[in-house]
1. Taking the 0 to 90 degree range and rounding to the nearest ten, how far is the long axis of helix 126-135 tilted relative to the main principal axis of the chain, both from C-alpha atoms?
2. Quick one: angle between helix 331-342 and the longest Cα principal axis of the chain, in degrees between 0 and 90, rounded to 10, please.
3. Using amide H atoms built 1.01 Å from N in the peptide plane, name the residues 5+ places from VAL311, or on other chains, whose amide H lies under 5 Å from its own.
4. Residue by residue, what Karplus-based ³J(HN,Hα) values in Hz, rounded to whole numbers, does segment 153-161 have, using 6.51, -1.76 and 1.60 with θ = phi - 60° and x for Gly and Pro?
5. Using a Debye calculation, one point per C-alpha and no hydration shell, please list log10 I(q)/I(0) for segment 214-288 at q = 0.14, 0.20, 0.23, 0.25 Å⁻¹ in order.
6. Evaluate E = 1/(1 + (r/R0)^6) for ARG406 and LYS98, where r is the Cβ-Cβ distance and R0 equals 22 Å; express this FRET efficiency to the nearest 0.05.
7. Once you treat every alpha carbon in segment 106-248 as an equal point and sum by Debye, what is log10 I(q)/I(0) at q = 0.12, 0.21 Å⁻¹?
8. Out of the DSSP beta bridges found with both residues in the chain, what percent are antiparallel (nearest 5)?
Amino acid sequence: MILNKTVDMSEVARCLLCHEPACTKACPKGISVGDIIRSLYFDNIDGAVLKMSESCNNCDAPCERACVKGKKSHSVAIKNVMTALEKDAKNEKIISYKNIDLSASICGVKLENPFLLSSSVVASNYEMCAKALKMGWAGIVFKTIQDFEQNDCSPRFSATKKQNGSFYGFKNIEELSHNTVEEDMKILSQLKKDFPTKIIVASIMGRNEEEWTSIAKACEQAGVDVIECNFSCPNLENSDIGITIGQDEELIERFTRATKKGTKLPVLAKMTPNVADMVPFARAAKRGGADGIAAINTIRSITGVDLKECVAEPAVNGRSMIGGYSGVAVKPIALRFICDMANDSELELPISGMGGIETWHDGLEFLLLGAESLQVTTSVMEYGYRVIEDMLDGLKRYMGEKGIQRVSDLIGGAKNTVVAPPEVERFTCLFPAFDLEKCVGCGRCYISCYDGGHQAIDFDTSTKIPKLNGSKCVGCHLCKLVCPSNAIGTVEQRIKIPANKKN
């Protein structure tokens, strides 16, 4: 279901997504208010509607009075959100998702659903992994195992944020597992024993061929299902491993082969995005015997500068370093690399996709561009393992609405729509159309079109109504993108005559 924009999503975005929502506890009707708003926050509209067990119309909103946001500013307008959602949903048909098969695979190993935790702090000990698996994650990629000492910095995280304070992008300068290889093997063995139907992937890293081989062998003996070679960490003190391997085709091939020597398990090669083209490096992994590709790892970055101290962030005793960038901000880059590899006829390996997956909608985009499984970290770091609930529910509801029964039927569904520049049709123009019922008269479309477009919108300052000048409009849709009220659609097509065919 698509909301008619009666629901004020800016209010939803103000929600703090509390651990134990006071709004839920205060509801006299027993409505799971916090869960409903969380589902809206993560784009699971139908899921939110189905959690509304009672109407909120005749209620004096004790949930709002209990909202902890009100301790420092004004409370979230919960009643307005709930009654608007009720209004939008009144005449909508909620699609059933019975008989939807969410099973997926990673290197040919079956997953109960496509979502795994990626190799990071969110999958670094038994307790964390066990909690996540119980909540519905199909598997975990355990934090990278290695046989050399680690010395982490403090602090080691920084973030770029949206106006509501949530992460847009996230930087880390964290290293690998701090356990010994033996300690990690015990954890992996216990996880597989306690969760036999879940998929345990061991991320590994070595300094030489012997270490890649021996760690892979130990992981197989511990009972894991898949091994992932970390060829891409950008944060290591040792400059001869991690990203350095991932930027060298010969090293990728050699160390993939060394890993395969130590195990009969499927092997994933985890690629770095800090290259111009990932395909040649993925092909090198295939030559070394890789059974699949994992991408993308984090992007080398500086998130900002502390203007008070004039030190790049995160500041570690007056200094910083270039680190790995993740989160929603990197999703467009990740999708590009996934699509490149999925469309490469020589590669033809399954891809485990990651890089900015926060909602089911994000994950679906990765699947449609060719990923067969999905890995998540940054969203979990900010919101917790609970994000899996709306990821699974939202994906099921989308599939039900589209009449798609199996996740496998989604994979690669959009990859062939990405073509070379000469293949994009350039001879039609879609005009913008103004919906004056939704338009609030802010004039944002006029400002952007005049100062950054083609001066194709006139704006009557007395009526506050925008008007299109069709003789100037080229159909770029900048106005549609900047409109804060979702009041601009498309309406008319005009054929443009190619310059070389005029006269």
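Computed from the coordinates by the stated procedures, all read-outs in this text should not be read as laboratory data. Everything numeric in this text was worked out from a predicted model, so none of it was measured. FYI the Cβ positions are ideal-geometry reconstructions off the backbone, even for glycines, and counts take in every protein chain you see.
1. Tilt relative to the chain: about 40 degrees.
2. 60 degrees
3. Residues meeting the criterion, in which the H sits 1.01 Å from N, are ASP306.
4. So the Karplus estimates, Gly and Pro as x, are 8, 8, x, 9, 10, 8, 8, 9, 10 Hz.
5. -0.42, -0.81, -1.00, -1.11
6. Numbers: r = 14 Å, r/R0 = 0.62.
Computed FRET efficiency for ARG406 and LYS98 comes out at 0.95.
7. Those come out to -0.51, -1.32, one per q.
8. 50 percent
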